[in-house]
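Peer 1: Here it is: the structure, laid out below.
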Amino acid sequence: MNITIIGMGKIGLPLAVYFSRKKSKVTGLDINQEVVDKINNAVEPFPGENELSKYLKKSIKKGSLKATSDIETAIISANVIIICIPLIIDQNNDPVFGNMDMVVENIGTFVQPGTVVIFETTLPVGTTRKRFAPILESISKLSIGSDLFVAFSPERVFTGRFFEDISKYPKIVGGVTPVCTDKAVNFYRQIIDFKKRPDLEVTNGVWPVKNSDTAEFIKIAETTYRDVNIGLANEFSLFAKKNDIDINEVISGANSQHFSHIHTPGISVGGHCIPVYPQFYLKDFSEAHIVKAARNQNLSMPGRAIEEIKTKITSLNNFSIGVLGISYRPGVKEAAFSGALEILKILLDEGADVYAFDPFFSKQEIELLGFKHASDYRYMHGLILHTSHNEFKEIDFNSIANLKFIYDGRNFYKNIKLDKNITYFSI
């Protein structure tokens, strides 16, 4: 079986490597020639994915995986095509389909009869059926459901633990037609080995659903649920703080009851998923008041943190403030929709000198994002913990001579002992 995966990013490349270990011939298609060259030289193009480097070397050495920027060859040779490029949103939170449309048009131009085309990119509900399927059918002159088979199957993995997650969660599959569903289901059943999940009511594995719209909504629903839950946790944290209650005790106590699953409050919600996919839902459903309120709550958290600091430090003008962590979550290098960028913007408006410290980013990368760079913390007047990287656990705050405050945006230092002249704020 020849598989082509389009987009060699943090989902597409690990997926290509995983499939290449399953007696399949995999082509990774990407327009970035530097990424293509690195893959073909068995060099991991981005850090942070556990075991990717090891498995990539084996696949390249075995010859079961190759990368290319040759669109025509990659499409013509494929029995199965999987699209893994991100769908971004603009400043108005509208999806920007330009790159995706171009990919679909190229597939339509070169695709061969009998090919299965699967979208794993998260999409607004109805996009596969209403937008991409007609483009493919029009350009290819193939009939979907008899000559060409189109389905949606959302990726459900966590960056950094792809090879653990791909077999851990059921693979949701919905086709544009029932035959399309069957073809895509058969493909995934051949190539993914699933772990046993006694907690599931249905056996773990490939789960066919009614159609591609249903599969798209499942992905939107699970990510939007997380955003809403975090928004609720953030609201609870504000109430707890106002009433001198420990929010950690509240959440721990509440979650000891089987039906309570309150998430963790935090200074921001970032990444490609949670800040973005609820916007697809909000654009499609004007009555989504709960989701809108949660999104606004989460967006407000960086600003609330700075306002709380200003209750004790009346002016941040000319303060040197270090942001601990640029990544949207610990252990990865990813600044997409990171709250650290909003913190930077607010602090610059306050007249502060803003530094960033992150073990995953180089000096040049830190400065390109707009932060100043420093080799250590000694000149900082304030520190804001944005990302709970393990590397920040051992900071000796009491040795920083001019330090006036710490804002702990993740309750990372909740048991910390500080000198009296250092004010500690927490989420």
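Peer 1: Scanning for something assigned by TED's automatic domain parsing to the domain that holds residue 187, on the phi > 0 side of the Ramachandran plot, assigned to a loop (DSSP other than H, G, I, E, B) and under 19 Å from the mean Cα position of the chain (by Cα), does segment 23-36 turn up at least one residue?
Peer 2: no
Peer 1: Assess whether residue 340 counts as being closer than 20 Å to residue 411 by Cα, under 22 Å from the mean Cα position of the chain (by Cα), assigned by TED's automatic domain parsing to the domain that holds residue 407 and crowded, with 17+ Cβ neighbours inside 10 Å.
Peer 2: Against the criterion (closer than 20 Å to residue 411 by Cα, under 22 Å from the mean Cα position of the chain (by Cα), assigned by TED's automatic domain parsing to the domain that holds residue 407 and crowded, with 17+ Cβ neighbours inside 10 Å), residue 340 qualifies.
Peer 1: Let me ask something else about it. Take the residues in segment 144-172 that are in a loop (DSSP other than H, G, I, E, B) and among the β-branched types (Val, Ile, Thr); name whichever of them is farthest from residue 130 (Cα to Cα).
Peer 2: 159
Peer 1: Have a look at 97, 19 and point out the one that is among the hydrophobic types (A, V, I, L, M, F, W, C) and closer than 21 Å to residue 191 by Cβ.
Peer 2: Answer to the selection: 19.
Peer 1: Just to verify a result, which residue in segment 118-143, among those that are among the hydrophobic types (A, V, I, L, M, F, W, C) and in a loop (DSSP other than H, G, I, E, B), is surrounded by the most Cβ atoms within 10 Å (Cβ to Cβ)?
Peer 2: For segment 118-143, the residue satisfying everything is 123.
Peer 1: Right, next: Residues in segment 173-196 that are touching a residue at least 40 places away in the same chain (Cβ under 8 Å), surrounded by fewer than 21 Cβ atoms within 10 Å (Cβ to Cβ) and over 17 Å from residue 18 (Cα atoms): how many?
Peer 2: 0
Peer 1: Further question on the same structure: Looking at (1) part of a loop (DSSP other than H, G, I, E, B); (2) of a type in the set (A, V, I, L, M); (3) more than 25 Å from the chain's Cα centre (by Cα), which one does residue 354 not meet, given that it meets all the others?
Peer 2: (1)
Peer 1: Ok, one more. In this structure, is residue 245 modelled with pLDDT of 95 or more, more than 26 Å from the chain's Cα centre (by Cα) and not assigned by TED's automatic domain parsing to the domain that holds residue 159?
Peer 2: So residue 245 fits the description; yes.
Peer 1: Anything in segment 308-323 that is within 22 Å of residue 238 (Cβ to Cβ) and under 28 Å from the mean Cα position of the chain (by Cα)? List them, or say none.
Peer 2: Hit for segment 308-323 is 323, nothing else.
Peer 1: Go through (1) farther than 22 Å from residue 214 by Cβ; (2) in a loop (DSSP other than H, G, I, E, B); (3) without any contact (Cβ under 8 Å) to a residue 60 or more places away in the chain; (4) within 26 Å of the chain's Cα centre (by Cα) one by one and return the number of the condition residue 85 breaks.
Peer 2: Looking at each condition in turn, residue 85 falls short on (3).
Peer 1: Another question about this same structure. Take the conditions part of a helix (DSSP H, G or I) and assigned by TED's automatic domain parsing to the domain that holds residue 235 and apply them to residue 290. Does it pass?
Peer 2: The answer is yes for residue 290.
Peer 1: Let me ask another. Taking residue 197 as the residue in question, decide whether it is part of a loop (DSSP other than H, G, I, E, B), under 29 Å from residue 279 (Cα atoms) and either basic (Lys, Arg) or touching a Gly at 6+ places or on another chain (Cβ under 8 Å) (or both).
Peer 2: no
Peer 1: Residues in segment 271-286 that are more than 29 Å from residue 324 (Cα to Cα) and in contact (Cβ under 8 Å) with a residue 60 or more places away in the chain: how many?
Peer 2: Summing the residues that are more than 29 Å from residue 324 (Cα to Cα) and in contact (Cβ under 8 Å) with a residue 60 or more places away in the chain in segment 271-286 gives 5.
Peer 1: Tally time: how many residues in segment 287-299 are under 21 Å from residue 324 (Cα atoms) and surrounded by fewer than 17 Cβ atoms within 10 Å (Cβ to Cβ)?
Peer 2: Result for segment 287-299: 1.
Peer 1: Okay, next question. Can you give me the number of residues within segment 390-427 that are in a strand (DSSP E or B) and of a type outside the set (A, V, I, L, M, F, W, C)?
Peer 2: So the count comes out to 5.
Peer 1: Does residue 268 satisfy being more than 30 Å from residue 150 (Cα to Cα), in contact (Cβ under 8 Å) with a residue 40 or more places away in the chain and surrounded by 15 or more Cβ atoms within 10 Å (Cβ to Cβ)?
Peer 2: So residue 268 fits the description; yes.
Peer 1: Then there's this: Which pairs turn up if I take residues in segment 403-421 that are over 20 Å from residue 326 (Cα atoms) and look for partners that are among the β-branched types (Val, Ile, Thr) and in a loop (DSSP other than H, G, I, E, B) with beta carbon separation below 7 Å, at least 6 apart in sequence or on another chain?
Peer 2: The qualifying pairs are 403/422; 404/313; 404/422.
Rundown of residues vs (1) in contact (Cβ under 8 Å) with a residue 60 or more places away in the chain; (2) part of a strand (DSSP E or B), yes/no style:
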residue	(1), (2)
313	yes, no
318	no, no
341	no, no
360	yes, no
376	no, no
379	no, no
384	yes, yes
388	yes, no
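Peer 1: Read through the list (1) part of a helix (DSSP H, G or I); (2) in contact with a strand residue (DSSP E or B) (Cβ under 8 Å, 6 or more places away or on another chain); (3) within 25 Å of residue 328 (Cβ to Cβ), then give the number of the only condition that residue 217 fails.
Peer 2: Of everything listed in (1) part of a helix (DSSP H, G or I); (2) in contact with a strand residue (DSSP E or B) (Cβ under 8 Å, 6 or more places away or on another chain); (3) within 25 Å of residue 328 (Cβ to Cβ), residue 217 misses just condition (2).
Peer 1: Could you list, in sequence order, all residues of segment 173-194 that are assigned to a helix (DSSP H, G or I) and out of contact with any Pro (no Cβ under 8 Å at 6 or more places or on another chain)?
Peer 2: 178, 179, 180, 183, 184, 186, 187, 188, 189, 190, 191
The values are calculated or read from the model by the stated rules, or taken from the named source; none is laboratory data. Source: prediction; values computed, not measured. FYI the Cβ positions are ideal-geometry reconstructions off the backbone, even for glycines, and counts take in every protein chain you see.
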